[in-house]
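A.B. asks: Got a structure here, written out as structure tokens. Questions coming.
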């Protein structure tokens with residue numbers, strides 16, 4: 001792999017939907033890695049409570065404040081409300097790298113399955129809404145359980161990073177590499193994001209079958 | 001992982017589309033693992049030529065003969081013609097485990113992308129056509145280049161095996177494990193096959209970016 005990795009140590013990270021498990025888990029890991037982390041919610045109060053529960057230097061605020069203040073913003077909100085939340089933050093997110101990690105999934109008694117998305121994927125929907133932002137898709141298959149477990153100090157997996165802006169994907173790959181055990185791997189253009197999001201359904205099946213918190217590694221790179 | 005692995009050493013393997021690179025590569029590896037392998041093509045003569053080029057004990061025949069004679073049949077035909085070929089082999093494939101490894105992909109100057117499939121995926125199309133067969137999806141991300149390279153004696157990756165018939169997926173997982181370095185991992189129900197097929201487009205992007213023959217490993221199992 002290339003060793004020409006951008007220096008991302010000083011980047012501040014905002015997490016929309018930071019009160020959910022995935023958001024809290026990523027907030028915790030990026031704070032441990034030394035980043036300034038700001039988590040967002042519709043309610044500033046709930047965001048501050050969640051930030052306090054994570055501890056360290058993590059702070060909470062309402063979503064527009066987080067979107068405006070952070071250098072790079074992770075979208076970890078529920079799929080339901082994805083489009084409308086992003087539409088409301090278009091101005092604050094303009095010019096920024098926005099990392100979408102949302103998995104549009106349905107659940108029934110047979111487990112999880114991928115939902116059809118008009119734009120192709122959550123990431124493509126984000127790109128369609130946030131025309132002034134640099135949308136990257138990443139962190140889909142990272143187990144919130146592992147992220148939040150204080151006894152887990154290393155999370156061994158590759159984060160597939162997709163996008164059409166090379167500088168943005170390089171930055172997000174480097175950010176993934178800030179979490180011990182993780183490696184950011186370029187995974188293709190945004191038009192190929194659907195299958196990466198949808199694969200989360202397969203990982204849920206794998207986790208159920210093997211009683212695991214499965215992730216993926218890319219071989220031969 | 002479970003150690004209750006079915007004994008599949010005596011299973012004979014037929015490969016429809018065995019004259020393509022993926023089919024020839026799998027034929028070569030299964031023959032090296034000691035299986036009786038029969039590769040198929042529309043023309044028996046072309047199948048026999050391809051079999052001779054692989055060497056060892058691999059034999060060639062027309063598709064209906066292969067479908068009728070082999071215990072387990074791998075579908076490695078081009079996506080174009082997938083449905084009609086399977087329709088013509090419905091009777092021969094009845095009662096058998098049929099492993100679909102077809103990736104419905106399109107290509108343009110930006111690389112590969114997933115095609116929309118009416119039934120959801122190639123594997124679901126196979127299941128819709130072959131109502132009397134036990135359709136399993138597997139071997140999507142295995143590099144034909146590595147399979148065919150005589151200097152590669154071990155292919156380190158996991159083969160995601162998807163299907164709704166537990167005995168069939170167990171058998172195919174065990175078959176994957178016959179190729180040195182490979183491990184068969186249950187990857188979910190057939191309704192979640194689309195993203196596994198489509199991920200091949202991402203691996204093509206990864207291969208291009210990293211000049212690799214990438215595959216995947218599932219962590220924590």
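Readers should treat all values here as calculations from the given coordinates under stated rules, not as data from a laboratory. For clarity, every value in this text was computed on a predicted model and none was experimentally measured. Cβ placement follows ideal geometry from the backbone for every residue including glycine, while neighbour counts extend to all protein chains displayed.
A.B. asks: Given the options A:14, A:111, A:187, state which has the largest fluctuation in a GNM of chain A using a 10 Å cut-off (strictly under) for Cα springs.
C.D. replies: Greatest mean-square fluctuation among the candidates belongs to A:111.
A.B. asks: Answer rounded, prolate or oblate for the stretch A:77-177, using the Cα gyration tensor with square roots of eigenvalues a ≥ b ≥ c: rounded when a/c is under 1.5, else prolate when a/b is larger than b/c, else oblate.
C.D. replies: Values: a/c = 1.90, a/b = 1.14, b/c = 1.66.
Note, shape of the stretch A:77-177 comes out oblate.
A.B. asks: Considering only B:149, B:103, B:192, give the residue with the highest GNM mean-square fluctuation for chain B, with springs between Cα atoms whenever their separation is below 10 Å.
C.D. replies: Highest fluctuation of the listed residues: B:149.
A.B. asks: Could you line up A:121, B:57 from fewest to most neighbouring Cβ atoms inside 10 Å?
C.D. replies: Working: A:121 26, B:57 13.
Fewest-to-most ranking of A:121, B:57: B:57, A:121.
A.B. asks: Does anything in the stretch B:188-221 have its amide N under 19 Å from the 7 Å Cα→Cβ label point of residue B:107, and if so which residues?
C.D. replies: B:197-215
A.B. asks: Follow-up. Counting helices only, and only those DSSP H runs with n ≥ 4, report the 222 nm mean residue ellipticity of the protein assembly as shown as the sum of -39,500 (n - 2.57) divided by its residues, in deg cm²/dmol to the nearest 500.
C.D. replies: Values: 18 runs with 165 residues, N = 442.
Counting only the DSSP helices, I get -10500 deg cm²/dmol.
A.B. asks: Among A:118, B:92, A:197, A:151, what is the fewest-to-most ranking by other Cβ atoms within 10 Å?
C.D. replies: Working: A:118 9, B:92 19, A:197 28, A:151 5.
In order of increasing Cβ crowding within 10 Å: A:151, A:118, B:92, A:197.
A.B. asks: Evaluate E = 1/(1 + (r/R0)^6) for residue A:156 and residue B:7, where r is the Cβ-Cβ distance and R0 equals 30 Å; express this FRET efficiency to the nearest 0.05. Display every interim value, and only then the final one.
C.D. replies: On the way: r = 32 Å, r/R0 = 1.07.
Calculated transfer efficiency: 0.40.
A.B. asks: Still on this structure, I have one more. What is chain A's relative contact order, in percent, from Cα pairs under 8 angstrom and six or more apart in sequence?
C.D. replies: Computed value for chain A: 18 percent relative contact order.
A.B. asks: Take residue A:44 and residue A:87, extend 7 Å from each Cα along the Cα→Cβ direction, and tell me the distance between the two endpoints in nm.
C.D. replies: Each label point lies 7 Å from its Cα, and together they span 2.6 nm.
A.B. asks: Assume the label is 7 Å from Cα along Cα to beta carbon: what separations in nm does residue A:208 have to the matching positions in the other copies?
C.D. replies: Sorted ascending, the copy-to-copy spacings read 3.6 nm.
A.B. asks: With springs only between Cα atoms under 10 Å apart, run a GNM on chain B and tell me which of B:29, B:191, B:134 wobbles the most.
C.D. replies: The residue with the greatest mean-square fluctuation here is B:191.
A.B. asks: Could you work out how far the C-alpha centroid of the stretch A:138-194 sits from that of the stretch A:1-78, in angstrom?
C.D. replies: Computed from Cα coordinates, the inter-centre distance equals 15 Å.
A.B. asks: Right, another one. In nm to one decimal, list the spacings between the residue A:62 label point and its equivalents in the other copies, with label points set 7 Å along Cα to Cβ, shortest first.
C.D. replies: Copy-to-copy label distances at residue A:62, shortest first: 7.4 nm.
A.B. asks: Which whole-number percent is the relative contact order of the stretch B:56-181 (Cα, under 8 Å, 6+ apart)? Spell out each step's value before the answer.
C.D. replies: Values: 170 pairs, mean separation 25.9, N = 126.
The value is 21 percent.
A.B. asks: Extending each Cα 7 Å along its Cβ direction at residue B:21 and residue B:115, get the distance between those two points in nm, one decimal.
C.D. replies: Calculated label separation equals 1.8 nm.
A.B. asks: Would the stretch B:48-124 count as rounded, prolate or oblate if I go by the C-alpha gyration tensor, calling it rounded below 1.5 in a/c and otherwise prolate when a/b exceeds b/c, oblate otherwise?
C.D. replies: It is oblate, given that a/c is not under 1.5 and a/b is not larger than b/c.
A.B. asks: Is the C-alpha gyration tensor of chain A telling us rounded, prolate or oblate? Criteria: a/c under 1.5 is rounded; beyond that, a/b larger than b/c is prolate, otherwise oblate.
C.D. replies: On the way: a/c = 1.16, a/b = 1.11, b/c = 1.04.
Since a/c stays below 1.5, the shape of chain A is classed as rounded.
A.B. asks: Per the Debye formula with a single identical scatterer at each Cα and no solvent contribution, what log10 I(q)/I(0) holds for the stretch A:131-170 at q = 0.15, 0.19, 0.25, 0.28 Å⁻¹?
C.D. replies: Values, matching the q order: -0.49, -0.66, -0.84, -0.93.
A.B. asks: Quick one: give the max-minus-min coordinate of the C-alpha atoms of the protein assembly as shown along each principal axis, largest first, in Å.
C.D. replies: The principal-axis extents, from largest down, are 70, 41, 37 Å.
A.B. asks: List the distances, in nm to one decimal, from the label point of residue A:95 to the label points of the same position in every other copy, shortest first, placing each label point 7 Å from Cα along the Cα-to-Cβ direction.
C.D. replies: Those label-point separations list as 7.1 nm.
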